[in-house]
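What follows is a structure written as structure tokens; I'll ask about it next.
The values are calculated or read from the model by the stated rules, or taken from the named source; none is laboratory data. These figures come from a predicted structure and were not determined experimentally. Backbone-built Cβ (ideal geometry, glycine too); neighbour counts: all protein chains shown. SASA here: full protein model, heavy atoms, side chains in, ligands and nucleic acids out. Shrake-Rupley method; radii C 1.70, N 1.55, O 1.52, S 1.80 Å.
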Amino acid sequence: MNIFRLAGDLLHLGSIFILIARLQQTRSCAGISFKTQCLYLLVFATRYLDVFLGFISLYNTLMKVFFLVSAGYIVYLMRSPLKASYDKALDSFRVEFLLGGAAVFALVFPHKYTLLEILWSFSIYLEAVAIIPQLFQMTRTGEADNITSHYVFALGGYRALYLVNWIYRYYTEDDYVDYISWVAGVVQTALYGDFFYIYFTRVLKGKTFKLPV
């Protein structure tokens, strides 16, 4: 594992801790897309089925279990104790298109034609677009609190660091090729483009996240 992969993993962990702390401290899920959280739960559930089939390393196993459990816990918080603060009208992106597109791509362009590899490919394609309902909700409200902005930034930053990790591995490892992850990763990072600009020009300067009128 290289430093870029490790930094990406830590930023991904940080994004989840930020979100859980935000939900627990404010006792509200206002501004958070429940649909995005459900998509992430599905991403981890379909990607990490192999945690029950074999052992790679303690680090690998702990990370997979954490992502599965934390994603389930976040969905539980938003679906049960914090349900009253959820605004379904704002979280209105049609996720059927994302699910259908990811499924088609997984069937047509899988890593391998085995059940686990098709599910893995599905999870990669779905993760690339899972943030869209959250970004769509933020465009509808036109703003977001700073903690939510930090959460979304950490998610985007994690994937950007993975791009650097892939470039590093391409030049330092023999025969390293992973077109599915590369293409999905570029698409996923590009989706954060406008958000990153506003985050750096407003949030990091102490202002609230607000879309230009």
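Using only the alpha-carbon atoms of the chain, report the extent along each of the three principal axes, biggest first, to the nearest angstrom.
47, 35, 33
List the lysines whose alpha-carbon lies under 29 Å from that of LYS112, not counting same-chain residues fewer than 8 positions away?
The qualifying lysines are LYS35, LYS64.
Using only C-alpha positions, report the orientation-averaged shadow area of the convex hull of segment 53-102, nm², one decimal.
5.6
For segment 41-134, with the dipole built from +1 on Lys and Arg beta-carbon atoms and -1 on Asp and Glu ones, taken about the Cα centre, which of LEU58, VAL104, ILE118 lies farthest toward the positive end?
LEU58
Continuing with this model, one more query. Determine the calculated [θ] at 222 nm for the chain from helices alone, applying -39500 (n - 2.57) to every DSSP H run no shorter than 4 residues and normalising by the residue count; nearest 500 deg cm²/dmol.
On the way: 9 runs with 148 residues, N = 213.
Rounded to the nearest 500, the figure is -23000 deg cm²/dmol.
Note down the magnitude of the dipole of the chain about its Cα centre, charges +1 on Lys and Arg C-beta and -1 on Asp and Glu C-beta and zero elsewhere, to the nearest 20 debye.
800
Could you tell me what percent of the accessible area of segment 5-160 is made up of carbon and sulfur, with a 1.4 Å probe and every protein chain present?
71
If you don't mind, there's one more thing I want to ask. Enumerate the amide H contacts of GLU143 below 5 Å, restricted to partners 5 or more residues apart or on another chain; note that Pro and chain-start residues carry no placed amide H.
Here LEU211 satisfy the definition.
Quick check: residue separation of PHE109 and ASN146 times 0.36 nm, minus the Cα distance between them. What number comes out in nm?
Between PHE109 and ASN146, full extension yields 9.5 nm more.
A follow-up question, please. Below 19 Å, Cα to Cα, which aspartates and glutamates can LYS88 reach? Residues fewer than 8 away in the same chain don't count.
The reachable aspartates and glutamates, counting only those whose Cα sits under 19 Å from LYS88, are GLU96, GLU143, ASP145.
OK, next. Leaving out ligands and nucleic acids, and using a 1.4 Å probe, what accessible area per residue does segment 12-150 come to in Å²?
Here the residues of segment 12-150 average 50 Å² of exposed surface.
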